[in-house]
Amino acid sequence: MHGFRNSVSCLFNLCESIDLSAVEEHWLFRDKLNLLSTAHAGFVGCNVRGMNRVLQTKIYVDRPFGGVGLLWR
């Protein structure tokens, strides 16, 4: 995906014609993982993050990329 926010419109269009999608490189943090399930109203998703963030200080930890997920109808 090269980032969820960069590719959410492409993912929405893809979901119009498929029942299952695997995505990688969504770059979502723990507190934003629910965004993958909002890519298309007819889909639910689950995913894991590729980086961590200390929420109190907004300090990023690990590399600024990664994450994989599945979306299904």
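The values are calculated or read from the model by the stated rules, or taken from the named source; none is laboratory data. All values derive from a computational prediction rather than experimental measurement. Heads up, the Cβs are rebuilt from the backbone with ideal geometry, glycines too, and the neighbour counts pull from every protein chain shown.
Observations on the structure shown:
- Subset of the range 26-43 (residues that are within 17 Å of Gly67 (Cβ to Cβ) and either among the aliphatic types (A, V, I, L, M) or in a helix (DSSP H, G or I) (or both)): Leu28, Arg30, Asp31, Lys32, Leu33, Asn34, Leu35, Leu36, Ser37, Thr38, Ala39
- Matching residues, the range 15-62, being modelled with pLDDT of 85 or more and of a type in the set (D, E, K, R): Glu16, Asp19, Glu24, Glu25, Lys32, Arg49
- For the range 1-39, filtering for residues that are hydroxyl-bearing (Ser, Thr, Tyr), crowded, with 17+ Cβ neighbours inside 10 Å and more than 17 Å from Trp72 (Cβ to Cβ) leaves 1.
- Number of positions in the range 1-25 that are in contact with a strand residue (DSSP E or B) (Cβ under 6 Å, 6 or more places away or on another chain) and part of a loop (DSSP other than H, G, I, E, B): 1
- Among the residues of the range 7-29, those identified as among the acidic types (Asp, Glu) and under 10 Å from the mean Cα position of the chain (by Cα) are Glu24, Glu25.
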